1. On the basis of being within 16 Å of ligand 2 (Cβ to nearest atom) and of a type in the set (F, W, Y), does Y258 make the cut?
2. Hey, can you tell me all the residues within region 1-42 that are of a type in the set (D, E, K, R) and closer than 23 Å to M214 by Cα?
3. Let me spell it out: the conditions are (1) outside the structural domain of M172 (by TED's automatic domain parsing); (2) buried (at least 16 other Cβ atoms within 10 Å of the Cβ); (3) in a loop (DSSP other than H, G, I, E, B), and K88 meets all of them except one. Which number is the exception?
4. Can you spot a residue in region 128-138 that is closer than 21 Å to A52 by Cα and outside any helix (DSSP H, G or I)?
5. What about D26, is it of a type in the set (D, E, K, R), over 14 Å from the mean Cα position of the chain (by Cα) and buried (at least 19 other Cβ atoms within 10 Å of the Cβ)?
6. Looking at the structure I just gave you, is L111 closer than 21 Å to V217 by Cα, surrounded by 14 or more Cβ atoms within 10 Å (Cβ to Cβ), touching a Phe, Trp or Tyr at 6+ places or on another chain (Cβ under 6 Å) and not aromatic (F, W, Y)?
7. Being more than 8 Å from ligand 1 (Cβ to nearest atom), outside any loop (DSSP other than H, G, I, E, B) and surrounded by fewer than 20 Cβ atoms within 10 Å (Cβ to Cβ) is the filter here, so list the residues in region 45-64 that pass it.
8. Of the residues that sit in region 150-182 and are under 26 Å from H73 (Cα atoms) and out of contact with any helix residue (DSSP H, G or I) (no Cβ under 8 Å at 6 or more places or on another chain), which one is surrounded by the most Cβ atoms within 10 Å (Cβ to Cβ)?
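The values are calculated or read from the model by the stated rules, or taken from the named source; none is laboratory data. Keep in mind the model is a prediction, meaning the values are calculated, not measured. Cβ atoms come from the backbone with ideal geometry, glycine included; neighbour counts cover every protein chain shown.
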Amino acid sequence: MNDLLLEVENLQTHFFLDDGLVKAVDGVHLHIRRGRTLAVVGESGCGKSIMARSLLQIVTPPGKIVGGAIRYHRGPGDVVNLLDYDRKGPEMRAFRGREAAMIFQEPMASLSPVYTIGNQIVESFRLHFKVSKAEARTVAIEMLRKVGIPRPEARFDAYPHQLSGGMRQRAMIAMALICQPNLLIADEPTTALDVTTQAQILELLQKLQAELEMAVVMITHDLGVVAEMADDVAVMYLGQVVEQGSVDDIFYNPQHPYTRGLLASIPRLEGATRARLAAIPGTVPHPYARPGGCPFHTRCRERIINRLDMCKTEAPPLVQVGAEHHARCWLHHNQGVELSSEAVQLASLPLTTTGGH
Ligand SMILES: Nc1ncnc2c1ncn2[C@@H]1O[C@H](COP(=O)(O)OP(=O)(O)O)[C@@H](O)[C@H]1O
Ligand code: SF4
Ligand SMILES: [Mg+2]
């Protein structure tokens, strides 16, 4: 497909800790398309951040990428596996910042407290383009204006602590986008902001995406943000993408029990059930106690309803369930059984009980 930007295949990133091995990313398959927004969702601890950091090779020891491929389609006929590059080498340094950039929940993860924001943006630009300081300053001021910072000529000389939370977030975005990357990875970029600022930042990201024709990977736990922003959605559970499809596939035709559980846990306004409902029993297993077989089998109601014993012992492969729609579940494999309508109904009911089975 010619609109592919990144093709992630069987990516594995593990943490080698004294107490054991944590398979934070354990066989991720993912497609990121040029100019589109891919939302990555899943409960906390499912490997979203480590997967995102792996794409830029910014995972630090004891974490290490141990396998897979990240094919970057730079242009027609020009495809490289980013994992062939040394993570500290010149090719990867050129890729980071120039072709792909990342923003975080906490702006101080990218901004230094001891330099002015203008200086930091200028330095990021001059890392990749041979221009004078004066020329870079002009570009930086233009970028500050673009991200909605008022009086950018004056703010250029401000230190991060002199800005409000929302303005600091905008400065971080300006720094990430100064080289006009093809890909922006946003890891829960608005989680720490108040609702109004959050809406403004999301609107800004949408505007910049259209202007710069970037692909955006938006990591979020907020399905409202997904509905608003995303073209495609990847659902992660215990280090794997268990389902990927268009936003319509995922919201209106979810094929993985975990996705159905996440959707059923969206707070509903009707009646007395306003609180977040526990549609998925139990919690994400401890990283040292990763279940065998299908990693979701300890919490999956559809396994029990459909009496799928193999789920406990055999890991399901990722199978195609629609044109651009994939799921990793025995319900959709030839060797598996057809999904019973009873299972679909049960899974989409908001359940009020938690606990094991
Ligand atoms: N620096 C680290 N050292 C050890 N384990 C880590 C580290 N960072 C992440 N992990 C583990 O990797 C797994 C995935 O983490 P993460 O990608 O941060 O999840 P998410 O972003 O989905 O909440 C978790 O089990 C977490 O405990
Ligand atoms: S493979 Fe089995 S346990 Fe895993 S999600 Fe599908 S039905 Fe549930
Ligand atoms: Mg995270």
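1. Yes.
2. Taking region 1-42 as the starting set, the residues that turn out to be of a type in the set (D, E, K, R) are 3, 7, 9, 18-19, 23, 26, 33-34, 36.
Scanning region 1-42 gives D3, E7, E9, R33, R34, R36.
3. (2)
4. Pass one, region 128-138, residues closer than 21 Å to A52 by Cα: none.
There is no residue in region 128-138 that is closer than 21 Å to A52 by Cα and outside any helix (DSSP H, G or I).
5. In short, yes.
6. no
7. Answer for region 45-64, where residues must be more than 8 Å from ligand 1 (Cβ to nearest atom), outside any loop (DSSP other than H, G, I, E, B) and surrounded by fewer than 20 Cβ atoms within 10 Å (Cβ to Cβ): just K64.
8. Residue satisfying both the conditions and the ranking: A176.
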